[in-house]
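What follows is a single structure, written as structure tokens, with notes after it.
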Amino acid sequence: MTIDKKCLINWVGGKRLLRKTIAPLIPNDIKSYIEPFGGGAWVLLYKDKWADLEIYNDLDGRLANLFRIVKYHPNAFKEELQYLLGSREMFMQFLNGTFITDIQRAVQFYFLITRSFGGRGETFGTVKKCSGGASKSQKNVLERIDAIHNRLDKVLIENRDFEKLIKQYDFENAFFYCDPPYSKGCGYEITSCADFEHERLKNTLQNIKGRFLLSYDDSPKIRELYKGYEMIEVERLNGINNREGTNRTNKMFKELLIANYPIQELFKNV
């Protein structure tokens, strides 16, 4: 049973548009499901349960704190959030404000991401023809918190370096879904494209006992780095640049799905 209505936030490079392609490629016989680069957790939240042990991890402490607060303190989170308005003045106050407690910081981060343009938390999100961005339904937001809280009940929330996390939780029946910063065109605050250690990730994954599925931008660098692994070419709409009047070809973003187990045969049935 899929739960594609359950999502917490949009995030740069999120897999909202590819989760239905990725999900059938994940093995059914895994004992643990780990996301070293959790982000918005679109794939994790797509299903009620992937494995007996599920782990969400992100090096960005704002994300880890948000998921942790929604898991353990949903009512306090909603109480802080429920009276916040989709207003430009309030957005700027939150953008420039200092918040003390973990719950306050989680609400600040969530408010800025959900009420901003493109989910980047930088500029007030205005729309012309629909209800979205800063004008999205507050009622739906609060109901979503309860759904995510229930889904995260047995999910472990981590905030660690990917290599340490992978080595700690690796074993024969472990599964790692990895969605790292791309080699180009990403916009992460904690780890940029320029300083992310793509080679270190590859060296870590090539020595694991478990299985991994990796999503990356389709670039010569990544193709060379993972030469010899099974690869599938996919493409998705680039949501941030998806504007009326632009050529559809220019809206498409090409990605690679890479694995250390057979996925090409599985992909034929997707």
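The values are calculated or read from the model by the stated rules, or taken from the named source; none is laboratory data. Small disclaimer: the values here were computed from a predicted structure and weren't measured. We place every Cβ from the backbone using ideal geometry, glycine too, and count neighbours over all the protein chains shown. In case anyone asks, the SASA skips ligands and DNA or RNA and just uses the protein heavy atoms, side chains included. Shrake-Rupley method; radii C 1.70, N 1.55, O 1.52, S 1.80 Å.
If you take the square roots of the eigenvalues of the alpha-carbon gyration tensor of the range 1-90 and sort them as a ≥ b ≥ c, do you get rounded (a/c under 1.5), prolate (a/b over b/c) or oblate? Prolate, because a/c is 1.5 or more and a/b exceeds b/c. Across the range 255-267, coupling constants 3J(HN,Hα) worked out from phi with the 6.51/-1.76/1.60 Karplus curve, θ = phi - 60°, read 10, 10, 10, 10, 8, 9, 9, x, 10, 5, 5, 5, 5 Hz, and Gly and Pro carry x.
For an R0 of 35 angstrom, estimate the FRET efficiency from the Cβ-Cβ distance between Asn28 and Asn75 and round to the nearest 0.05. Show your work: numbers first, answer last.
Details: r = 35 Å, r/R0 = 1.01.
For Asn28 and Asn75, the calculated efficiency is 0.50.
Pairs from the table (Lys31/Lys167; Lys164/Lys202; Lys47/Lys202; Lys139/Lys254; Lys49/Lys139) lying more than 24 angstrom apart at Cα are Lys47/Lys202; Lys139/Lys254; Lys49/Lys139.
Computed packing ranks the peptides 58-66, 200-208 as 58-66, 200-208, most packed first, by mean other Cβ atoms within 10 Å.
Between Asp153 and Glu199, take the C-beta separation as r, use R0 = 30 Å, and let me know the FRET efficiency to the nearest 0.05. Can you show the working numbers first?
Numbers: r = 37 Å, r/R0 = 1.23.
Taking R0 as 30 Å, the efficiency between Asp153 and Glu199 is 0.25.
Length available on full extension from Lys139 to Leu17: 0.36 nm per residue minus the Cα-Cα distance, which gives 41.5 nm.
Annotation: Asp195 carries an accessible surface of approximately 100 Å², with a 1.4 Å probe and no ligand, DNA or RNA atoms counted.
At full extension, Tyr83 and Arg223 could sit 45.6 nm farther apart than now, given 0.36 nm per residue minus the alpha carbon distance.
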